[in-house]
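Here's the structure we're looking at; comments come further down.
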Amino acid sequence: DTGVSQDPRHKITKRGQNVTFRCDPISEHNRLYWYRQTLGQGPEFLTYFQNEAQLEKSRLLSDRFSAERPKGSFSTLEIQRTEQGDSAMYLCASSFGQGATGYTFGSGTRLTVV
Amino acid sequence: KQEVTQIPAALSVPEGENLVLNCSFTDSAIYNLQWFRQDPGKGLTSLLLIQSSQREQTSGRLNASLDKSSGRSTLYIAASQPGDSATYLCAVKETSGSRLTFGEGTQLTVNP
């Protein structure tokens with residue numbers, strides 16, 4: 001197992017376009033999380049899944065954002081009608097259960113909206 | 001609402017110095033606390049995980065302590081090296097809920 005994988009590493013898009021990111025968690029981990037990090041700040045929670053069920057969403061997750069984890073394995077995060085304020089690093093993490101053994105993060109997807 | 005604060009925001013030291021990074025949190029009902037390292041433009045690498053029942057954890061030149069009652073954790077780095085230059089983030093998981101709450105990080109520069 002190579003850890004948590006995220007794709008793409010970088011994405012530049014024009015304002016108003018839709019973008020989709022993918023995350024492949026550690027295979028034994030049943031929980032998957034999405035975080036967003038802007039420059040100079042710590043990551044902020046967006047949403048999490050337990051298996052295929054989306055159990056919690058932050059108020060940061062506006063209706064332009066949608067996340068799925070259809071088979072309880074990989075997850076996608078889609079942003080519709082991107083805005084310049086969406087420019088950030090989008091981080092995915094996974095854990096087994098409540099996270100007694102900690103969270104493992106991926107390398108992130110850097111989104112730049114121009 | 002849990003709030004996590006890291007002090008200092010930035011630190012510059014000469015190579016070989018021992019140093020301490022501080023993390024404080026407002027709600028002591030935590031499940032565990034995790035220290036991460038982040039290199040510029042990269043993801044987070046886990047350094048140490050301390051369970052709420054533990055007082056400290058060690059890995060190589062790193063030692064993390066936890067005082068849950070006072071809402072504090074420290075990360076001690078011994079004999080710092082230029083390769084230690086990075087941003088160090090502390091994150092708290094509460095007993096209720098699933099999210100990690102992060103501090104804003106300490107940006108460390110170790111000068112050769």
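The values are calculated or read from the model by the stated rules, or taken from the named source; none is laboratory data. These numbers were taken from a predicted model, which means no experiment stands behind them. Counting neighbours? That spans all protein chains shown, and the Cβs are built from the backbone with ideal geometry, glycine included. Just the protein is used for accessible areas: all its heavy atoms, side chains included, with ligands, DNA and RNA removed. Shrake-Rupley method; radii C 1.70, N 1.55, O 1.52, S 1.80 Å.
Side notes on the structure shown:
- If the condition is being within 12 Å of chain B (Cβ to nearest Cβ) and either open to solvent by less than 10 Å² (accessible area, probe 1.4 Å) or part of a strand (DSSP E or B) (or both), then region A:95-111 contributes A:Ser95, A:Gly99, A:Gly102, A:Tyr103, A:Thr104, A:Phe105, A:Gly106, A:Gly108, A:Thr109, A:Arg110.
- Yes/no for B:Phe36 being aromatic (Phe, Trp, Tyr), in contact (Cβ under 8 Å) with a residue 40 or more places away in the chain, crowded, with 16+ Cβ neighbours inside 10 Å and under 18 Å from A:Ala93 (Cβ atoms): yes
- The single condition among (1) out of contact with any helix residue (DSSP H, G or I) (no Cβ under 8 Å at 6 or more places or on another chain); (2) open to solvent by 30 Å² or more (accessible area, probe 1.4 Å) that A:Pro43 does not meet is (2).
- Checked against (1) open to solvent by 80 Å² or more (accessible area, probe 1.4 Å); (2) within 14 Å of chain B (Cβ to nearest Cβ), A:Lys14 passes all but a single condition, namely (2).
- Meets criteria (open to solvent by less than 50 Å² (accessible area, probe 1.4 Å) and either out of contact with any helix residue (DSSP H, G or I) (no Cβ under 8 Å at 6 or more places or on another chain) or within 14 Å of chain B (Cβ to nearest Cβ) (or both)) for A:Phe74: no
- Of the strands (runs of 3 or more DSSP E) lying entirely inside region B:53-106, those carrying at least 3 residues that are modelled with pLDDT of 95 or more are B:56-59, B:62-67, B:72-77, B:86-94.
- Residues satisfying the stated conditions in region B:53-101, i.e. open to solvent by less than 40 Å² (accessible area, probe 1.4 Å), polar (S, T, N, Q) and within 14 Å of another protein chain (Cβ to nearest Cβ): B:Thr87, B:Ser98, B:Thr101
- Pick from region B:1-33, criterion open to solvent by 50 Å² or more (accessible area, probe 1.4 Å) and part of a strand (DSSP E or B), ranking: farthest from B:Tyr88 (Cα to Cα): B:Tyr31
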